[in-house]
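Reviewing the structure listed below.
The values are calculated or read from the model by the stated rules, or taken from the named source; none is laboratory data. Since the model is a prediction, treat every value here as computed from it, not as a measurement. Glycine also receives a Cβ, built like all others from the backbone with ideal geometry; neighbour counts cover every protein chain displayed. Ligands, DNA and RNA are excluded from the accessible area calculation, which covers all protein heavy atoms including side chains. Shrake-Rupley method; radii C 1.70, N 1.55, O 1.52, S 1.80 Å.
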Amino acid sequence: MIEKEFHLNDVVEMKKPHPCGENKWKIIRMGMDIRIRCEGCSHSVLIPRKEFARKMKKILVKHEE
């Protein structure tokens, strides 16, 4: 399986949209678990890294370092 490259403050698209209708998520914390925040309603979700890599579709906006 190809390892997906994602970093803090990247905006990603998940396979399923959030119930508010938006499918843009900003990575706000990384570690063993990854916390992402919905860009539409600002709800945040904590997901294990392995599960996040499986559910992420693509990176929409790369964070400038």
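For this structure, a couple of remarks:
- Flag if Lys24 is at pLDDT 95 or above, in contact with a strand residue (DSSP E or B) (Cβ under 8 Å, 6 or more places away or on another chain) and within 22 Å of Glu64 (Cβ to Cβ): yes
- Single residue of the range 55-65 satisfying the filter (open to solvent by 60 Å² or more (accessible area, probe 1.4 Å) and in contact with an Asp or Glu (Cβ under 8 Å, 6 or more places away or on another chain)) that is nearest to Asn9 (Cα to Cα): His63
- Scope the range 1-54; condition surrounded by fewer than 13 Cβ atoms within 10 Å (Cβ to Cβ) and among the basic types (Lys, Arg); matching residues: Lys15, Lys16, Arg29, Lys50, Arg54
- Residue that is nearest to Lys4 (Cα to Cα) [pool: residues in the range 20-65 that are part of a loop (DSSP other than H, G, I, E, B) and charged (D, E, K, R)]: Lys62
- Residue pairs meeting the criteria (Cβ under 6 Å; at least 6 apart or on separate chains; first closer than 12 Å to Cys20 by Cα and of a type in the set (Ser, Thr, Tyr), in the range 34-46; second open to solvent by 80 Å² or more (accessible area, probe 1.4 Å) and not in a loop (DSSP other than H, G, I, E, B)): none
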